[in-house]
Amino acid sequence: QVQLVESGGGLVQPGGSLRLSCVASGSIFSNPKMGWYRQAPGKQRELVAAITTGGSTNYADSAKGRITISRDYAKNTEYLQMNSLKTADKDFYYCTANVDEQNYWGQGTQVTVSS
């Protein structure tokens, strides 16, 4: 079993920044592919950014230039640095990890962008 715990969400004003963290623990014996998704109530979960075992990244078009995904291999932790936040970025953000071809999800952390 793998557990993912997110943190770092909260309320921020438009133009502000947040850094989300996700700590992975449990049966992890290699560096899994990890990512961040977002989801609004009643809508499908959608990719924000992903990072491979080797550190390659890909981003949703809406995230490019403002959002950076990174990871600390030693800590089994991934991060999502979000800058220049917009009201449209308001959502629940979920961490995911693919371990042994199985996807695991965190409980989500809420990001609210409002003045």
Largest first and rounded to whole Å, the semi-axes √(5λ) derived from the alpha carbon gyration tensor of the range 34-91 read 21, 13, 10
Once the in-chain neighbours fewer than 8 apart are removed, the lysines whose Cα is under 27 Å from residue 75 read 33, 64
The correct ranking of 45, 71 by accessible area at 1.4 Å, largest first, is 45, 71
Once 38, 19 are ranked on solvent-accessible area with the largest value leading and a 1.4 Å probe, the list reads 19, 38
Of 9-17, 61-69, ordering from highest average Cβ density within 10 Å down gives 61-69, 9-17
Burial-style ranking of 99-106, 21-28, average other-beta-carbon count within 10 Å with highest first, yields 21-28, 99-106
Restricting to aspartates and glutamates and to Cα separations under 19 Å from residue 90, and discarding same-chain partners fewer than 8 apart, the set is 6, 46, 61
Sorted largest first, the Cα spans of the chain on the principal axes come out in Å as 43, 27, 22
Using a 1.4 Å probe on heavy atoms of the protein chains only, the accessible area for residue 52 in Å², nearest 10, reads 50 Å²
Listed by chain and number, the residues whose amide H is under 5 Å from that of residue 53, excluding neighbours fewer than 5 places away on the same chain and using placed H, are 33
Note on the chain: contact order normalised by length, alpha-carbon pairs under 8 Å, 6 or more apart, percent, works out to 37 percent
The percentage of the accessible area of the chain (probe 1.4 Å, all protein chains present) made up of carbon and sulfur atoms, to the nearest whole number, is 46 percent
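The values are calculated or read from the model by the stated rules, or taken from the named source; none is laboratory data. In this text the structure is predicted, and so the values were computed from the model without any measurement. Please note: Cβ atoms are built from the backbone with ideal geometry, for glycine as well, and neighbour counts cover all protein chains shown. For the accessible areas, the whole protein counts, side chains as well, though only heavy atoms, and no ligand, DNA or RNA atoms are used. Shrake-Rupley method; radii C 1.70, N 1.55, O 1.52, S 1.80 Å.
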